[in-house]
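The values are calculated or read from the model by the stated rules, or taken from the named source; none is laboratory data. Keep in mind that this is a model prediction, so the values were computed, not measured. Glycine gets a Cβ as well: all are built from the backbone with ideal geometry, and neighbour counts include every protein chain shown. For the accessible areas, the whole protein counts, side chains as well, though only heavy atoms, and no ligand, DNA or RNA atoms are used. Shrake-Rupley method; radii C 1.70, N 1.55, O 1.52, S 1.80 Å.
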Amino acid sequence: MKTKDLRNLLVVIVLVGLLGSCGSSQKTTAKTSPNTRKADSLTALRLMDSLNSLTKADSMAKANSPDTTVKTAFENYRAEATMKNQLIHTELRVSFDWDKQYLYGKATITLKPYFYPMDSLILDAKGMDIHEVSLVKGKDKKNLKYTYDSLQLHIGLDKTYTDKEEYMVYIDYTSMPNKLKDEQGGSAAITSHKGLFFINPDGKDKNKPREIWTQGETEDNSCWFPTIDKPNQRQTEEIYMTVDKIDKTLSNGELVSSVENKDNTRTDHWVMKPGIPPYLVMMAVGPFSIIRDKWRGKDVDYYIDAKYAPYARDIFGKTPQMMEFYSNILHFPYPWNKYDQVIVHDYVSGAMENTTATLHGEFLNKTKRELIDDPLNTSEDIISHELFHHWFGDLVTCESWSNITVNESFADYAEFLWRQHAWGEDCAEQYLKQSIDGYLSTGTGHNLVDFYYKDREDVFDAVSYNKGGGILHMLRSIVGDTAFFDALNVYLETNKLTATEAPQLRLAFQKVTGRDLNWFFNEWYFNKGYPELTINHSYDAGSHTETVTIDQTQDLKENPVFYMPLQIDIYSNGKKESHEVIMNKTKNKYSFNVTSAPDLVIADGKKMMVVCVKNEKMSIAEREYQYAHLPMYFDRREALEDLSNHLDDAGAKATMMKALHDRFWVLRKFAINKLGNDSTPELKNTLIDLASNDSSSNVRAEALSVLSSNYKDPSLISLYRKSIKDSSYKVETEALTGIAKVNKEEAMNAAKKLENTDETTLLLGVATIYMQYGNDSCNNFFVRIKDKVNSGLEQVEYAAIYGKFLQQCDDTCVNRGIPIIQNIMENGDNRYAKYYAKNALQNLLSTYQDRESDLTSRIKDLKAKNGDPQKVAELQAKLSSATDISNKLNAALGQ
């Protein structure tokens, strides 16, 4: 599952920044325009929806780490689920009541005792009406005694069965997911646990199709079919889905038949073999367009809204290439009969790797122009992540949620692997650094393999994903590429179609390498934290000795002393000498003979220690050398980050200016942002060139942002006019902002011409212009576009902008706007949309409370001075209207 979503852009820092920006006291710096920061933040939130959304899980894990007493450890230990009975096969026959949002189901489940003889069975079955429970004997059924507590079905069997005997139970039931007690429950990763979702069931929302889809992870599929809802179970399954004729269906495995019924419905029969865990069973129903593709003769299909069907290959088209790449590096071909991907509306997470049928949230819907502004390939990140799960997570599955990292760390690292293959080392290293920074910003958290979580949802966090992926990269660095991928092959071949835990991964690596790797797994998989390193180096000219010290300064009460092989690189007289060393103490000291003072010393030249905090003290000259001579993104970024703190130094600034032409666009954008407070002609001319000619739309947009913020130059309007025709929506939006800062009237006219676009990025850019420079007449635009703002991230921005706009409008506009924002607060696509809508209403209420106070004071003063009665009456009418709106806002907020 992709939940880091959001996670790719220092999740916690971004989230805190977003939440803080809602207040009226938020300031705008000259470095970055509001639009640029807003766009970057929203990108992060999309991933965090996506994914993303890690802070709650991390903080809970930290806050609820267990005591070290034997009693507490015993009570809180999260063991693998005991297997009393074993699922063999489940047959489901389901139909749907759209009006009631019910599923009518008939389940026939084949089981057997796992080892010990059994005369009873417990099935997970949440929030159902149970109509019949029977034992199936051939063509006959025998009623069984059962009790049901709304969460589990306790069934007495007709006799005691041994592990050599299979038995078959039939259950007639109704699933009512909306009646579950905690239907709005969930975690930071998965925001609701109803399992079964009806989207726009009454069809009243003309901008959204009617859909049904399921979400099984972690243990939510038991909300729509009875099962043993644990990851260490595995079953074959088949589903007969009866739906309206106009709808398409999708499920696991193969569609073996499709029969039209006399009542204008159709029954599709899907069969999944071999067996899969219950949480990976899925259904999707809706008016999807299906775009067909192939890989090695297997079907690779894309289910998508008709509106986005023309762009399906732009979104998903590299999937067959990914399947080929992963099959080759793993020496293990994609193991299932087909691979489908579907995009659904109002999804409660980022994406989900249901076996053979991955489900994605609608944020993946993008036009070809929108994809231009996705140069970090975040769509490809998500697609590659979920695909790799079909080996790690689906073929081999974690035996318990404590071991979720054997699923998620591999899918996380798959994103690095695909970027490395398809886009090069810079792009891959940028991903890894960003991912680890996201983890480091959340704190140490829990052990990678976490047997003491409070809630199973808590393990879907930056430890299991980001840190886990970084740990795999370190393991790859230690054993080498060939051994790494050979070991993954052994792990897959040895454990395919079973449930595993981390030690089985260690054994695969030891089998391939012949090396005892307990030390690595003990400190990284069964410990928490990371090394915090202080690195110093000095040269003694008398003895021609370079001394490097590495001190581990992490809290040793909470974290171990880490052991790690490192490579110290010494650059001198145009040559590099590399020295292999071991870091294994709190204080480590290494000395080397060097004929003259080195130009640069790098304590971890191979970047084997990526999961750490590193304070490597260097001079400005050394950082300049590092940027100029070391090719890795890690080194160039590290040098620029340090130099950006010394821009008053001519050499540091000169290097940052060189970075404006770095080969990788991320570093070009970084340099623009850090130089943003400068207003020299040299920088201005370079920014004009970048805004006009850079190959990256993000660099062009950032250059325009800094130009419009720093240079109040009317002559730049020709550049803004040209850029407003750019192929990138992001550039077009920044150009509109630039025009507004030079000529407000022209900006308003340009915004007016863009009002009828269907592209929400531009519509929200227009909204920003109207918020800053518009009047009450612009309110019709905000009302009109409310139905075009469908995704949670769009709703976040819309609610914040519209709320700010209404603060300067008359009462008639505010009365029209309140129910629109209130609807987002109550029914928004995700928690962030609801939060921002509520914040917008609270800020609007504060504005009106201030207005009431001011009007009351003015009326009192006028009356005290025997002022004009007509003026008093006018003010009293305004006060009455303001009070009325305050009351409406209080009611909307539930106060």
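Within the set of pairs 6+ apart or on separate chains, which have a first residue in region 669-698 that is part of a helix (DSSP H, G or I), a second that is among the small types (Gly, Ala, Ser) and surrounded by 13 or more Cβ atoms within 10 Å (Cβ to Cβ), and C-beta atoms under 7 Å apart?
Note: pairs meeting the criteria are 671/659; 672/703; 674/644; 687/703; 690/703; 691/703; 691/723; 697/728.
Being in a loop (DSSP other than H, G, I, E, B) and under 22 Å from residue 112 (Cα atoms) is the filter here, so list the residues in region 161-181 that pass it. Spell out the reasoning first.
Narrowing region 161-181 to residues in a loop (DSSP other than H, G, I, E, B): 162-166, 176, 180-181.
Those that are in a loop (DSSP other than H, G, I, E, B) and under 22 Å from residue 112 (Cα atoms): 162, 163, 164, 165, 166.
So which residues in region 123-164 are closer than 22 Å to residue 81 by Cβ and among the acidic types (Asp, Glu), if there are any at all?
124, 149, 163
Which of the residues spanning region 724-748 are assigned to a helix (DSSP H, G or I), farther than 18 Å from residue 697 by Cα and open to solvent by 10 Å² or more (accessible area, probe 1.4 Å)?
Within region 724-748, 741, 742, 744, 745, 746, 748 qualify.
With a cut-off of at least 2 residues that are under 17 Å from residue 194 (Cβ atoms) and under 34 Å from the mean Cα position of the chain (by Cα), name the strands (runs of 3 or more DSSP E) lying wholly within region 84-126. Lay out the reasoning, then the answer.
On the way: elements: 85-97, 102-113, 118-124.
Correct list: 85-97, 102-113.
Within region 637-684, which residues are charged (D, E, K, R), open to solvent by less than 40 Å² (accessible area, probe 1.4 Å) and within 17 Å of residue 696 (Cβ to Cβ)?
Hits for region 637-684 are 662, 668, 669.
Quick grid of which residues meet (1) without any contact (Cβ under 8 Å) to a residue 60 or more places away in the chain; (2) open to solvent by less than 30 Å² (accessible area, probe 1.4 Å):
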residue	(1), (2)
234	no, no
281	no, yes
291	yes, no
308	yes, no
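Each row is one residue, and each column tells you yes or no for (1) out of contact with any Phe, Trp or Tyr (no Cβ under 7 Å at 6 or more places or on another chain); (2) in a loop (DSSP other than H, G, I, E, B).
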| residue | (1), (2) |
| --- | --- |
| 328 | yes, no |
| 336 | yes, yes |
| 355 | no, yes |
| 358 | yes, no |
| 371 | yes, no |
| 383 | no, no |
| 386 | yes, no |
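Give the residues of region 312-334 that are out of contact with any strand residue (DSSP E or B) (no Cβ under 8 Å at 6 or more places or on another chain) and crowded, with 17+ Cβ neighbours inside 10 Å, sorted by residue number. If you could, list the steps in order and put the result at the bottom.
Let us first name the residues in region 312-334 that are out of contact with any strand residue (DSSP E or B) (no Cβ under 8 Å at 6 or more places or on another chain), namely 314, 317-318, 321-322, 325-333.
Residues satisfying the conditions are 318, 322, 325, 326, 330, 332.
Among (1) open to solvent by less than 10 Å² (accessible area, probe 1.4 Å); (2) touching a Leu at 6+ places or on another chain (Cβ under 8 Å), where does residue 408 come up short?
With respect to (1) open to solvent by less than 10 Å² (accessible area, probe 1.4 Å); (2) touching a Leu at 6+ places or on another chain (Cβ under 8 Å), residue 408 is out only on (2).
Any chance region 702-723 includes a residue that's closer than 28 Å to residue 789 by Cα and open to solvent by 50 Å² or more (accessible area, probe 1.4 Å)?
The answer is yes, given that some residue of region 702-723 is closer than 28 Å to residue 789 by Cα and open to solvent by 50 Å² or more (accessible area, probe 1.4 Å).
Looking only at region 761-804, which residues are among the hydrophobic types (A, V, I, L, M, F, W, C) and within 22 Å of residue 742 (Cβ to Cβ)? Before you say what the answer is, go through the steps one by one.
So in region 761-804, the residues among the hydrophobic types (A, V, I, L, M, F, W, C) come out as 762-764, 766-767, 769, 771, 778, 781-783, 785, 789, 793, 796, 799-801.
Matches in region 761-804: 762, 764, 766, 767, 769, 771, 778, 801.
So how many residues does region 421-452 have that are open to solvent by less than 30 Å² (accessible area, probe 1.4 Å), in a loop (DSSP other than H, G, I, E, B) and not polar (S, T, N, Q)?
Adding up the residues that qualify gives 7.
Can you say whether residue 825 is assigned to a helix (DSSP H, G or I), touching a Lys or Arg at 6+ places or on another chain (Cβ under 6 Å) and closer than 28 Å to residue 742 by Cα, as far as the supplied structure shows? Break it down stepwise before answering.
Details: assigned to a helix (DSSP H, G or I): yes; touching a Lys or Arg at 6+ places or on another chain (Cβ under 6 Å): yes; closer than 28 Å to residue 742 by Cα: no.
Criteria not met by residue 825.
Those residues that are more than 16 Å from residue 359 (Cα to Cα) and either in a strand (DSSP E or B) or hydrophobic (A, V, I, L, M, F, W, C) (or both), I need them from region 274-308; list them, please.
Those that are more than 16 Å from residue 359 (Cα to Cα) and either in a strand (DSSP E or B) or hydrophobic (A, V, I, L, M, F, W, C) (or both): 274, 275, 276, 294, 295, 298, 299, 306.
Restricting attention to region 576-596, which residues are at pLDDT 95 or above and open to solvent by 60 Å² or more (accessible area, probe 1.4 Å)?
Those that are at pLDDT 95 or above and open to solvent by 60 Å² or more (accessible area, probe 1.4 Å): 576, 577, 580, 582, 584, 585, 587, 589, 591, 593.
Say we look at region 745-772 and pick out the residues that are among the polar types (S, T, N, Q) and under 17 Å from residue 798 (Cα atoms); which of these is modelled with the lowest pLDDT? Outline the logic, then answer.
Filtering region 745-772 down to residues among the polar types (S, T, N, Q) leaves 749, 756-757, 760-761, 768, 772.
Narrowing further to those that are under 17 Å from residue 798 (Cα atoms): 756-757, 760-761, 768, 772.
Working: 756: 86, 757: 85, 760: 85, 761: 82, 768: 93, 772: 92.
Looking at the filtered set, the residue picked out is 761.
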